[in-house]
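Trainee: Structure provided below as structure tokens; questions to follow.
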Amino acid sequence: MKTLKYIFSFALIFFMSCAEDDNDLSFIDKVEAPSEVSAVFKPILDEDTGNLGLISITPNAIGAASYNINFGDGTEMLAEVIQGESVVHQYAELPEEEFYDVIIEAVGLTGLTATATKSLPVVYEAPKMSCVLNENIKRSNDKAISKEVDVTVTAKFGISYEVYFGEPGKDEPETANNGEPVDYQYQEAGTYTIRVVAMSASSQTTECVFDFEVTAILQPTDSAPTPPSREETDVISIYSTKYTDVPNTNYFPDWGQAGQGSGWGIFDLNGDEMLQYTNLSYQGIALADGTSIDVSGMKYLHLDVWTADEGLKLETSLINNTPGGATEAPIKKDLTTGEWTSLDILVSDYTDQGLTVTEIFQLKLVGDTWAAGTVFIDNIYFWNPSIVAETPEVPAPTPTTTEANVVSLFSDAYTNIGLNEINPDWGQTTTLTTLDIDGNNIWLYENLNYSGIVSNYDAPTDLSGMDYVHFNYFTPDAETLGLKMVNTVVNQEDIEFVGNIIRGTWASVTIPLSDFDLDLSAVTQFIWDTSGGSAKVYIDNLYFSSKSGAQPTVVAPVPTIAQADVISIYSDSYTGVALSEVNPDWGQTTTLSDFPIAGNNVWQYDLLNYSGIVTNYDNPTDLTGMSYLHFDYYTQDATTLGLKMVNTTYNPVQEDIEFLPVINQGTWVSVTIPLSNYDMDRAGITQLVWDTSGGNATVYIDNLYFHK
């Protein structure tokens, strides 16, 4: 470790460009203010010369690049230290029970800071401690991590201590401050000789040596990975809290396995229940009598399995209730010891063995170490990959907000402000490419965990006159997506996440700037965040806008999806289906009129409480080939808005409604809703119904259509 001795300068550093090549930035997990600020103190011992009170200080924090250290002894010396380096300072002796308050200020790459104060005792006497168990030395097996030992030393006059854990090949000690824990994970369970060396500000140390038995954990301490969100039609669940299970399934049928030494039950991990099969010989899972499932349309069988047994394999069989008698086919998979193994078995691996999978009524689990291994199992389900487009074929809808009301960061529709940095190296996995789709520039973020945009530190962007932030995104796989804004002038930041991620099509996001709790007059950074995910996300039309008046003065964003992929109800951009009735008299207060804007027709609903649209009762609209519902709305006073779909070909009638989670006023808002959200048969839609939950609002509607 490089040591910096007696550094006297002090500076508050804002990192505004890429760090030097020799700086390791891999410690940064998030672009935000540093956290968990700490420092390790270590006396510089020299038994010949003493060097009393000479202390090395090594600061550390999550997300820090450098540190400013106030030694706390009243000297004028203040040290600036780079991440991973140390500074040495000479301290005078203090009376017993007194401390120096050492102040560590961690500085992140974005210029945001965090501060911690650490107490440093300096007494020129050897540390005093007892080697008796749990007096001054506490040691224990970690309750959550297998074969990990936790040690904490609290010695009188102690500053820090070293622990030699005694495992062959591990010669270097682990170091911690007096009273703070240190941990170490062994390769194997067993008994080890551990040596503890306590250090004070004197040149003397105090040691203890003891034997300790290291144990392995035999059950999971963390839940299995949470399954992703999937369409209901893409999942047949046997055991999972994420999806709806096949009802009345028996997870512990008596097939005589108890006579083979096997046991079974439910294991409860802090409220998370999972199946536990002990001394597994074989174990069945049986659907209710007379029940079978057709998994021929599924691609995978998924199981999450945990075991503490080395080298254990799990054999999983599907059993078919065929007229000629039950037949089965097994697949054997390796398990990783001490952690969750996620298995995805191809259904074709069973059919390739000649098994018909149209009437599966049982599963069988077999341990290859007969009646000796124990497994914990969660999330048993069959699934299909979602049929979601991986890449956009068309650009995002063209925005129409007047340029005078816009501050644009990235859009071909506007003049953009200058950006100093895009995807700067802040330790992220993200790569950024600019693509051209039909002559329109689009950002493609791949492996996106987070990524920054820097406008200008010297001339921050003033957004105090704007009301909304808008952007379009397209993603095939993101689970979350947020936009953080940072004001480095006053060290303020806030983030807003997209409510429900829509995959496989362009989605529009409009967020009120009032949702961001920070000073908007000097914003310098904009940061995409997927909450630690690693996703592919396309971005276009990132801009800020102000509200318009009571009526829209520009048309809604112009749609770009091809006519062949659209069933249009109302839009000048497409040829639509013939409508039998619009705003029919169903007792509503609503009136409907056409509202032309620059030659484009818009529906104007006044006094809207509800209003219907009838396509054709004799020739219902078939939406089974469509994936999404889209419409644009503009309102100055509505607080709720929903769209109901009705299939009157059924008796009783089928219907379902989706309400918007948030209503934004004074701007065009584009809405995209997955049709899978509607729980009904979409092959015969005859009515669409607007609903404001009894409100009495004026709402403008354009571009109401369904698309693939």
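The values are calculated or read from the model by the stated rules, or taken from the named source; none is laboratory data. The structure presented is a predicted model; accordingly, all values stated were derived computationally and were not measured. When we count neighbours, we look across all protein chains shown, and the Cβ atoms used for this are built from the backbone with ideal geometry, even at glycine.
Trainee: Out of (1) loosely packed, with under 14 Cβ neighbours inside 10 Å; (2) among the aliphatic types (A, V, I, L, M); (3) over 25 Å from S508 (Cβ atoms), what's the single condition that is false for A598?
Mentor: Unmet condition: (3).
Matching residues to (1) in the same structural domain as A459 (by TED's automatic domain parsing); (2) within 30 Å of K313 (Cβ to Cβ); (3) touching a Gly at 6+ places or on another chain (Cβ under 8 Å):
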site	(1), (2), (3)
W340	no, yes, no
V347	no, yes, no
A389	no, no, yes
P392	no, no, no
A396	no, no, no
F410	yes, no, no
A413	yes, no, no
N416	yes, no, no
N423	yes, no, yes
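Trainee: Okay, next question. Out of Y617, Y574, Y605, report the one residue that is aromatic (F, W, Y), under 21 Å from W668 (Cβ atoms), part of a loop (DSSP other than H, G, I, E, B) and in contact (Cβ under 8 Å) with a residue 24 or more places away in the chain.
Mentor: Matching residue, one of Y617, Y574, Y605: Y574.
Trainee: Now for a different question. Which members of the range 246-268 meet the condition of being within 16 Å of W306 (Cβ to Cβ) and among the hydrophobic types (A, V, I, L, M, F, W, C)?
Mentor: Answer for the range 246-268, where residues must be within 16 Å of W306 (Cβ to Cβ) and among the hydrophobic types (A, V, I, L, M, F, W, C): W264, I266, F267.
Trainee: Could you go through the range 221-228 and let me know if any residue there is in contact with a helix residue (DSSP H, G or I) (Cβ under 9 Å, 6 or more places away or on another chain) and of a type outside the set (A, V, I, L, M, F, W, C).
Mentor: Looking only at the range 221-228, we keep the residues that are in contact with a helix residue (DSSP H, G or I) (Cβ under 9 Å, 6 or more places away or on another chain), and these are none.
Scanning the range 221-228 turns up no residue that is in contact with a helix residue (DSSP H, G or I) (Cβ under 9 Å, 6 or more places away or on another chain) and of a type outside the set (A, V, I, L, M, F, W, C).
Trainee: Can you find a residue in the range 313-324 that is in contact with a Phe, Trp or Tyr (Cβ under 6 Å, 6 or more places away or on another chain) and more than 16 Å from Q362 (Cβ to Cβ)? Lay out the reasoning, then the answer.
Mentor: Narrowing the range 313-324 to residues in contact with a Phe, Trp or Tyr (Cβ under 6 Å, 6 or more places away or on another chain): 318, 321.
Within this subset, residues satisfying the condition of being more than 16 Å from Q362 (Cβ to Cβ) are none.
No.
Trainee: Test T115 against the stated conditions and say whether it is free of Cβ contacts under 8 Å to residues at least 40 places away in the same chain and either β-branched (V, I, T) or not assigned by TED's automatic domain parsing to the domain that holds S38 (or both).
Mentor: Working: free of Cβ contacts under 8 Å to residues at least 40 places away in the same chain: no; either β-branched (V, I, T) or not assigned by TED's automatic domain parsing to the domain that holds S38 (or both): yes.
For T115, the condition - free of Cβ contacts under 8 Å to residues at least 40 places away in the same chain and either β-branched (V, I, T) or not assigned by TED's automatic domain parsing to the domain that holds S38 (or both) - is not met.
Trainee: Which numbered condition trips up V196, out of (1) more than 30 Å from Y100 (Cβ to Cβ); (2) out of contact with any Ser or Thr (no Cβ under 6 Å at 6 or more places or on another chain); (3) among the hydrophobic types (A, V, I, L, M, F, W, C)?
Mentor: Status for V196: all satisfied but (1).
Trainee: Only one residue in L623, L643 is without any contact (Cβ under 8 Å) to a residue 60 or more places away in the chain and buried (at least 17 other Cβ atoms within 10 Å of the Cβ), so which one is that?
Mentor: L643
Trainee: Just checking, does the range 635-657 include any residue being among the small types (G, A, S), at pLDDT 95 or above, in the same structural domain as Q588 (by TED's automatic domain parsing) and more than 32 Å from the chain's Cα centre (by Cα)?
Mentor: The answer is yes; a qualifying residue exists.
Trainee: Take the conditions assigned to a strand (DSSP E or B), crowded, with 19+ Cβ neighbours inside 10 Å, out of contact with any helix residue (DSSP H, G or I) (no Cβ under 6 Å at 6 or more places or on another chain) and of a type outside the set (S, T, Y) and apply them to D632. Does it pass?
Mentor: Answer is yes for this residue.
Trainee: Considering only residues that are out of contact with any Gly (no Cβ under 7 Å at 6 or more places or on another chain), over 19 Å from D245 (Cβ atoms) and either modelled with pLDDT of 95 or more or not in a strand (DSSP E or B) (or both), which ones fall in the range 275-305?
Mentor: S296, K299
Trainee: Within the range 155-193, work out how many residues are under 30 Å from D309 (Cα atoms), aliphatic (A, V, I, L, M) and touching a Ser or Thr at 6+ places or on another chain (Cβ under 6 Å).
Mentor: Going through the range 155-193 one residue at a time, the tally reaches 1.
Trainee: Then there's this: Restricting attention to the range 553-569, does a residue exist that is touching a residue at least 60 places away in the same chain (Cβ under 8 Å), touching an Asp or Glu at 6+ places or on another chain (Cβ under 8 Å) and assigned to a strand (DSSP E or B)?
Mentor: Among the residues of the range 553-569, not one is touching a residue at least 60 places away in the same chain (Cβ under 8 Å), touching an Asp or Glu at 6+ places or on another chain (Cβ under 8 Å) and assigned to a strand (DSSP E or B), which makes the answer no.
Trainee: A follow-up question, please. Name the residue that is farthest from the chain's Cα centre (by Cα), counting only residues in the range 76-111 that are within 25 Å of N487 (Cα to Cα) and of a type in the set (D, E, K, R).
Mentor: E80
Trainee: Just one of (1) at pLDDT below 95; (2) of a type outside the set (A, V, I, L, M); (3) surrounded by 15 or more Cβ atoms within 10 Å (Cβ to Cβ) trips up Y161, so point out which.
Mentor: Checking Y161 against (1) at pLDDT below 95; (2) of a type outside the set (A, V, I, L, M); (3) surrounded by 15 or more Cβ atoms within 10 Å (Cβ to Cβ), the one that fails is (1).
Trainee: Evaluate the range 538-550: report whether one residue or more is β-branched (V, I, T), modelled with pLDDT under 95 and in contact with a strand residue (DSSP E or B) (Cβ under 8 Å, 6 or more places away or on another chain).
Mentor: No; the residues of the range 538-550 include none that is β-branched (V, I, T), modelled with pLDDT under 95 and in contact with a strand residue (DSSP E or B) (Cβ under 8 Å, 6 or more places away or on another chain).
Trainee: Contact list please: Cβ distance under 6 Å, first residue in the range 263-276 and in contact (Cβ under 8 Å) with a residue 60 or more places away in the chain, second residue β-branched (V, I, T), pairs at least six apart or on different chains.
Mentor: Matching pairs, first to second residue: L275/I377.
Trainee: Something else now. Could you list, in sequence order, the residues of the range 240-255 that are touching a strand residue (DSSP E or B) at 6+ places or on another chain (Cβ under 9 Å) and surrounded by fewer than 13 Cβ atoms within 10 Å (Cβ to Cβ)?
Mentor: Restricting attention to the range 240-255, the residues satisfying the condition of being touching a strand residue (DSSP E or B) at 6+ places or on another chain (Cβ under 9 Å) are 240-246, 249-255.
Passing the criteria: T244, D254.
Trainee: Here's another thing I want to ask about it. Taking the range 532-560 as the region of interest, how many residues are crowded, with 16+ Cβ neighbours inside 10 Å, small (G, A, S) and closer than 22 Å to V407 by Cα?
Mentor: Adding up the residues that qualify gives 4.
Trainee: Of the conditions (1) in a strand (DSSP E or B); (2) closer than 17 Å to M199 by Cα, E97 satisfies every one except a single condition; which number is it?
Mentor: All conditions are met except number (1).
Trainee: Now a separate question. Against the conditions (1) modelled with pLDDT of 95 or more; (2) under 26 Å from H302 (Cβ atoms), where does A396 fall short? Just the number, please.
Mentor: (2) is the only condition that A396 fails.
Trainee: Using the structure shown, decide if F71 is among the hydrophobic types (A, V, I, L, M, F, W, C) and touching a His at 6+ places or on another chain (Cβ under 6 Å). Walk me through how you get there before you give the answer.
Mentor: Values: among the hydrophobic types (A, V, I, L, M, F, W, C): yes; touching a His at 6+ places or on another chain (Cβ under 6 Å): yes.
It is true that F71 is among the hydrophobic types (A, V, I, L, M, F, W, C) and touching a His at 6+ places or on another chain (Cβ under 6 Å).
Trainee: What number of residues within the range 187-198 are at pLDDT 95 or above and either loosely packed, with under 14 Cβ neighbours inside 10 Å or not charged (D, E, K, R) (or both)?
Mentor: Of the range 187-198, the ones at pLDDT 95 or above are 191-198.
With either loosely packed, with under 14 Cβ neighbours inside 10 Å or not charged (D, E, K, R) (or both) added as a condition, the list becomes 191-194, 196-198.
Count: 7.
Trainee: Would you say S237 is of a type in the set (S, T, Y), in contact with a strand residue (DSSP E or B) (Cβ under 8 Å, 6 or more places away or on another chain) and within 25 Å of D368 (Cβ to Cβ)? Give the steps one after another, and end with the answer.
Mentor: On the way: of a type in the set (S, T, Y): yes; in contact with a strand residue (DSSP E or B) (Cβ under 8 Å, 6 or more places away or on another chain): yes; within 25 Å of D368 (Cβ to Cβ): no.
For S237, the condition - of a type in the set (S, T, Y), in contact with a strand residue (DSSP E or B) (Cβ under 8 Å, 6 or more places away or on another chain) and within 25 Å of D368 (Cβ to Cβ) - is not met.
Trainee: Looking at the structure I just gave you, is S676 surrounded by fewer than 17 Cβ atoms within 10 Å (Cβ to Cβ), among the polar types (S, T, N, Q) and in contact with a Ser or Thr (Cβ under 8 Å, 6 or more places away or on another chain)?
Mentor: Yes; evaluated as a whole, the condition is true for this residue.
Trainee: If I filter the range 265-304 down to residues being under 32 Å from the mean Cα position of the chain (by Cα) and β-branched (V, I, T), which single residue comes out as surrounded by the most Cβ atoms within 10 Å (Cβ to Cβ)?
Mentor: Per the stated criteria, the residue is V295.
Trainee: Can you pull out every residue in the range 664-687 that is in a helix (DSSP H, G or I) and within 30 Å of P512 (Cβ to Cβ)?
Mentor: Scanning the range 664-687 gives L675, S676, N677.
Trainee: Same structure, new question: Give the number of residues within the range 319-343 that are under 22 Å from Q276 (Cβ atoms) and either free of Cβ contacts under 8 Å to residues at least 40 places away in the same chain or among the charged types (D, E, K, R) (or both).
Mentor: Within the range 319-343, residues that are under 22 Å from Q276 (Cβ atoms) and either free of Cβ contacts under 8 Å to residues at least 40 places away in the same chain or among the charged types (D, E, K, R) (or both) number 9.
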